[in-house]
1. Considering only residues that are crowded, with 21+ Cβ neighbours inside 10 Å and at pLDDT 95 or above, look in region 236-251 and name the one that is nearest to G145 (Cα to Cα).
2. Filter region 291-304 down to the residues that are surrounded by fewer than 24 Cβ atoms within 10 Å (Cβ to Cβ) and of a type outside the set (A, V, I, L, M, F, W, C) and list them by number.
3. Regarding V140, is this residue modelled with pLDDT of 95 or more, within 30 Å of G302 (Cβ to Cβ) and either small (G, A, S) or within 18 Å of the chain's Cα centre (by Cα) (or both)?
4. Just for region 90-117: of the residues that are over 28 Å from N228 (Cα atoms), outside any helix (DSSP H, G or I) and not hydroxyl-bearing (S, T, Y), which one is least open to solvent (accessible area, probe 1.4 Å)?
5. Does region 337-348 contain any residue that is within 20 Å of the chain's Cα centre (by Cα), modelled with pLDDT of 90 or more and under 23 Å from A262 (Cα atoms)?
6. State whether one or more residues within region 118-135 are out of contact with any Leu (no Cβ under 9 Å at 6 or more places or on another chain), touching a residue at least 40 places away in the same chain (Cβ under 8 Å) and not in a helix (DSSP H, G or I).
7. Could you pull out the residue among Q277, Q321, Q284 that is open to solvent by 50 Å² or more (accessible area, probe 1.4 Å), touching a residue at least 24 places away in the same chain (Cβ under 8 Å) and farther than 24 Å from T218 by Cα?
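The values are calculated or read from the model by the stated rules, or taken from the named source; none is laboratory data. For clarity, every value in this text was computed on a predicted model and none was experimentally measured. Note that we place each Cβ from the backbone using ideal geometry, even for glycine, and neighbour counts take in every protein chain shown. With ligands, DNA and RNA removed, areas are computed over all heavy atoms of the protein, side chains included. Shrake-Rupley method; radii C 1.70, N 1.55, O 1.52, S 1.80 Å.
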Amino acid sequence: MSMAQHAEPAVTTPPASGPEQTDGRTAQRPLALRLLARPEVGVFLGAAAVLVFFLVVAPSVRQGSSMATILYQSSTIGIMALPVALLMIGGEFDLSSGVAVISSALTASMLSYQLTMNVWVGVFVALLVSLAIGFFNGWVVVKTGLPSFLVTLGTFLILQGANLAVTKWVTGNVATDDISDMDGFSQAKKVFASSFDVGGVQVKITVVWWLVFAALATWVLLRTKYGNWIFAVGGNKDSARAVGVPVTFTKISLFMLVGFGAWFIGMHNLFSFNTVQSGEGVGQELIYISAAVIGGCLLTGGSGSAIGPVFGAFMFGMVQQGIVYAGWNPDWFKAFLGVMLLGAVLINLWVQRTATRR
């Protein structure tokens, strides 16, 4: 008799009829929770609330010219907030971005005026200087492993002192000379500081550049390999490096993007006012970082969007100009910003916990 035993074929019992059973891990989350999980949704609702509030308390905000001014103010913050936000998603931040704007403008102004050159020469040299500052910050952070807070704080102090000292040494004053009569000024002004008419309202070109840069940053984050690298190095740079992400290139290039933003806003300031005050820019870096944080970017990195900081910058511009249109004391502006920042952080924390709760 054979000792081999053959397994009986398994008998499959059809499931009982009735509604499909799911557990908490596979259940579909409600649409509202899935929307709240997006970092930009909370700040969009906040921006809408701020807009409605000032439309009610400050009737002059309803005028087209007032809204154009608010958008202009928002754009000068938002253009810089975009690269700052990308850098924060990548796990770093830059405290030198505010004074770097002034360094760029001073470079273009003094080089063009003192050497009697076409202003476009100064513009392109300023771009190289701004990118070099960003490269230096990124290279030191990557090669030394020091926190970007310390590295960029050092750069902030260096640039702040150099802006004042070099300007006094070259011009004998704390401000640069007027360059409005120099070759190339009118063409450069059209690119960086012109206005155009929309229904009888003058709109600054920076509003258009702001929206273009926001669309480009969104596309990069969501549709390119580089965008994946940004999220990866911000989440865990060691894991990212292990799977082949070029961490050094990504972080240095993000700092250089901040340098590009500083150059652009610096050129806008220069061609808007024809001259530059060397002591300005201090404190602006906190505005840029706050706009990014309000827009849903985490200080720990690995999370955020490009659209969120757009609404964050709009909230800043709305509050800054809305206080004036409402006839309130403008000294309260920073207090309002502090409340907005704390409120945004707390709301983002609540939203994330609610959206991820099973």
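1. Top of the filtered list is K251.
2. Hits for region 291-304 are T300, G301, G302, S303.
3. Numbers: modelled with pLDDT of 95 or more: yes; within 30 Å of G302 (Cβ to Cβ): yes; either small (G, A, S) or within 18 Å of the chain's Cα centre (by Cα) (or both): no.
Judged against the criteria, V140 is not a match.
4. The selected residue is M117.
5. no
6. Looking for residues that are out of contact with any Leu (no Cβ under 9 Å at 6 or more places or on another chain), touching a residue at least 40 places away in the same chain (Cβ under 8 Å) and not in a helix (DSSP H, G or I), one finds at least one in region 118-135, hence yes.
7. Details: Q321 fails: open to solvent by 50 Å² or more (accessible area, probe 1.4 Å); Q284 fails: farther than 24 Å from T218 by Cα.
Only one candidate qualifies: Q277.
Residues are listed down the side, and each one gets a yes or a no for (1) open to solvent by less than 10 Å² (accessible area, probe 1.4 Å); (2) without any contact (Cβ under 8 Å) to a residue 60 or more places away in the chain; (3) in contact with a helix residue (DSSP H, G or I) (Cβ under 9 Å, 6 or more places away or on another chain):
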{"position": "S65", "(1), (2), (3)": "no, no, no"}
{"position": "L71", "(1), (2), (3)": "no, no, yes"}
{"position": "S74", "(1), (2), (3)": "yes, no, yes"}
{"position": "G78", "(1), (2), (3)": "yes, no, yes"}
{"position": "M88", "(1), (2), (3)": "yes, no, yes"}
{"position": "T152", "(1), (2), (3)": "yes, yes, yes"}
{"position": "G161", "(1), (2), (3)": "no, yes, no"}
{"position": "L164", "(1), (2), (3)": "no, no, no"}
